[in-house]
1. Got a sec? Which of Gly317, Gly313, Gly268 is more than 16 Å from Tyr153 (Cβ to Cβ) and not β-branched (Val, Ile, Thr)?
2. Only one of Gly46, Gly90, Gly61, Gly55 is in contact with a helix residue (DSSP H, G or I) (Cβ under 8 Å, 6 or more places away or on another chain), surrounded by fewer than 19 Cβ atoms within 10 Å (Cβ to Cβ) and not β-branched (Val, Ile, Thr); which?
3. Which of (1) touching a residue at least 12 places away in the same chain (Cβ under 8 Å); (2) of a type in the set (Asp, Glu); (3) closer than 23 Å to Lys238 by Cβ; (4) not in a loop (DSSP other than H, G, I, E, B) is the odd one out, the single condition Asp95 does not satisfy?
4. Have a look at Leu239, Leu231, Leu253, Leu194 and point out the one that is hydrophobic (A, V, I, L, M, F, W, C), surrounded by fewer than 20 Cβ atoms within 10 Å (Cβ to Cβ) and in contact (Cβ under 8 Å) with a residue 12 or more places away in the chain.
5. Consider region 313-329. How many of its residues are more than 15 Å from the ligand (Cβ to nearest atom) and either under 22 Å from the mean Cα position of the chain (by Cα) or buried (at least 17 other Cβ atoms within 10 Å of the Cβ) (or both)?
6. For region 272-293: of the residues being farther than 16 Å from Gly27 by Cα and either assigned to a strand (DSSP E or B) or modelled with pLDDT under 95 (or both), which is nearest to the ligand (Cβ to nearest atom)?
7. Hey, any hits in region 257-265 for a residue that's within 16 Å of the ligand (Cβ to nearest atom), in contact with a strand residue (DSSP E or B) (Cβ under 8 Å, 6 or more places away or on another chain) and part of a helix (DSSP H, G or I)?
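The values are calculated or read from the model by the stated rules, or taken from the named source; none is laboratory data. Predicted model, so just to flag it, every value in this text is computed and none were measured. Here Cβ is always computed from backbone atoms with ideal geometry, including for glycine, and neighbour counts include all displayed protein chains.
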Amino acid sequence: MTIATASIHPDQECLTRQFPQQIKYMGSKAKIIDFVADSIASVYQGGAVCDLFSGSASLSGALGATYPIVSNDIQHYSAILASVYLREIGSIDIDDLQRDAFVNQRKAQNLIPVELQYAGFGTLEEFQEIEKLNQTLIHENFRHRYHLFLKNYSGTWWSAEQCSWIDAIKQAIDKRRKSGAWGDAEYALAMASLMHAMAYSSQGTGHYAQYRDAKTEASMRDINIYRQKRLQDLFFRKLNQMQIWVQENVVDLNHSIVTKDYQDCLKGIDAGTVYADPPYAFVHYSRFYHAMETLCLYDYPELQEKGGSIVKGRYRGDRHQSPFCIRTQVDEAFRSLFNGVLQSNSCLALSYSNTAMITLEKLIFLAEECLGAKYKIWVEDQDHKHMTMGRSNDRDRDVKEIMLLARKK
Ligand SMILES: C[S@@+](CC[C@H](N)C(=O)[O-])C[C@H]1O[C@@H](n2cnc3c(N)ncnc32)[C@H](O)[C@@H]1O
């Protein structure tokens with residue numbers, strides 16, 4: 001299991017705890033979590049810490065035993081991941097879950113024609129044919145209730161058999177939640193382990209924007225490594241490990257978990273500290289992680305079409321478009337963020353990267369404009385060096401991760 005380690009800052013007690021990562025996530029702050037934690041501590045004046053754009057929930061992982069956390073993201077999968085770090089769980093009978101999932105999968109397995117199975121192919125052409133046959137399941141009509149992944153994703157990031165396991169495990173998880181045997185915390189733990197299993201059996205590069213085509217013998221061999229992965233084993237192993245971690249590490253500090261647009265979330269915050277890590281680039285997170293969102297919603301979404309055909313990435317038609325990723329909207333998005341922090345009477349630590357959609361100079365200008373009268377505002381780089389607020393040559397420095405900090409005067 002990958003554990004994000006947090007070293008102790010020499011002149012300060014350790015704020016962070018070690019936590020296992022659950023999925024692969026672009027822009028996860030796990031690697032620089034000490035910098036983030038120190039930055040938050042430098043503006044903190046009491047109350048909850050709101051992780052306004054929580055993504056893979058690394059902040060909850062690291063600081064969930066230090067502060068009351070409000071974890072927010074517009075995507076539902078993020079709430080599931082945060083729950084694992086923040087919510088105590090009761091007991092989970094993994095053997096019973098395994099038996100149930102096995103029975104569910106057996107039924108679906110009988111619907112997968114033998115030509116779709118990867119055992120025994122000889123040539124690249126044969127492999128490509130199996131991939132194509134897997135992909136055509138999108139045109140099939142299945143009668144059993146839990147067939148979303150089998151239909152929509154066979155032959156993409158996963159094989160038909162792996163997809164049938166995703167559906168089968170999801171069905172077994174839902175049954176326990178519906179019957180009341182599991183509460184939200186147990187449900188989230190199992191769902192997060194399923195997202196983990198999906199990530200580590202996927203033939204993609206860690207996200208779900210594009211799956212790879214087997215164009216050459218080399219790519220076929222590599223894709224086939226993932227086609228052979230036993231998703232169910234990855235799931236049960238992770239669930240086991242995470243159950244132990246949660247039992248040993250989760251502390252009830254009256255945390256809360258929200259799935260709102262950041263502006264709405266800020267309306268519910270009162271005199272806390274906001275940690276803001278909005279998207280930096282013009283590509284939307286909802287394009288990279290749509291398959292996890294669909295797993296959580298399990299709502300058989302309409303898929304995006306272009307020229308009358310479903311797009312290769314099989315994205316949800318309704319996926320979220322963030323104003324932080326749209327050049328004409330990004331300035332106003334930051335203004336709303338700063339004004340929301342002001343209205344909520346909170347302090348702010350804002351992560352920024354020099355690959356961002358907006359210059360550091362502009363960001364500081366907007367922060368001063370909205371918060372300047374009531375806040376002390378400064379910028380630090382990862383070595384905790386104060387920067388000169390974009391007035392000298394800082395703009396041109398090779399800075400990757402910095403923090404804009406605003407503390408109430
Ligand atoms: C850079 S990632 C956050 C990464 C996170 N700090 C971590 O360590 O995993 C940005 C997140 O902002 C979320 N997001 C984008 N627009 C949003 C909005 N309008 N309201 C709330 N969340 C939003 C995305 O879903 C994405 O998870």
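1. Going through Gly317, Gly313, Gly268 in turn, just one is more than 16 Å from Tyr153 (Cβ to Cβ) and not β-branched (Val, Ile, Thr): Gly268.
2. Details: Gly46 fails: in contact with a helix residue (DSSP H, G or I) (Cβ under 8 Å, 6 or more places away or on another chain); Gly61 fails: surrounded by fewer than 19 Cβ atoms within 10 Å (Cβ to Cβ); Gly55 fails: surrounded by fewer than 19 Cβ atoms within 10 Å (Cβ to Cβ).
Just a single option satisfies the conditions, and that option is Gly90.
3. Among (1) touching a residue at least 12 places away in the same chain (Cβ under 8 Å); (2) of a type in the set (Asp, Glu); (3) closer than 23 Å to Lys238 by Cβ; (4) not in a loop (DSSP other than H, G, I, E, B), the lone unmet condition for Asp95 is (1).
4. Testing whether each residue is hydrophobic (A, V, I, L, M, F, W, C), surrounded by fewer than 20 Cβ atoms within 10 Å (Cβ to Cβ) and in contact (Cβ under 8 Å) with a residue 12 or more places away in the chain leaves just Leu253.
5. Number of matching residues: 3.
6. Val274
7. Within region 257-265, one or more residues are within 16 Å of the ligand (Cβ to nearest atom), in contact with a strand residue (DSSP E or B) (Cβ under 8 Å, 6 or more places away or on another chain) and part of a helix (DSSP H, G or I).
Yes or no, residue by residue, for (1) within 15 Å of the ligand (Cβ to nearest atom); (2) outside the structural domain of Val258 (by TED's automatic domain parsing); (3) in a helix (DSSP H, G or I); (4) of a type in the set (Asp, Glu):
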position: Ser56; (1), (2), (3), (4): yes, no, no, no
position: Val70; (1), (2), (3), (4): yes, no, no, no
position: Phe102; (1), (2), (3), (4): no, yes, yes, no
position: Tyr118; (1), (2), (3), (4): no, yes, no, no
position: Leu137; (1), (2), (3), (4): no, yes, yes, no
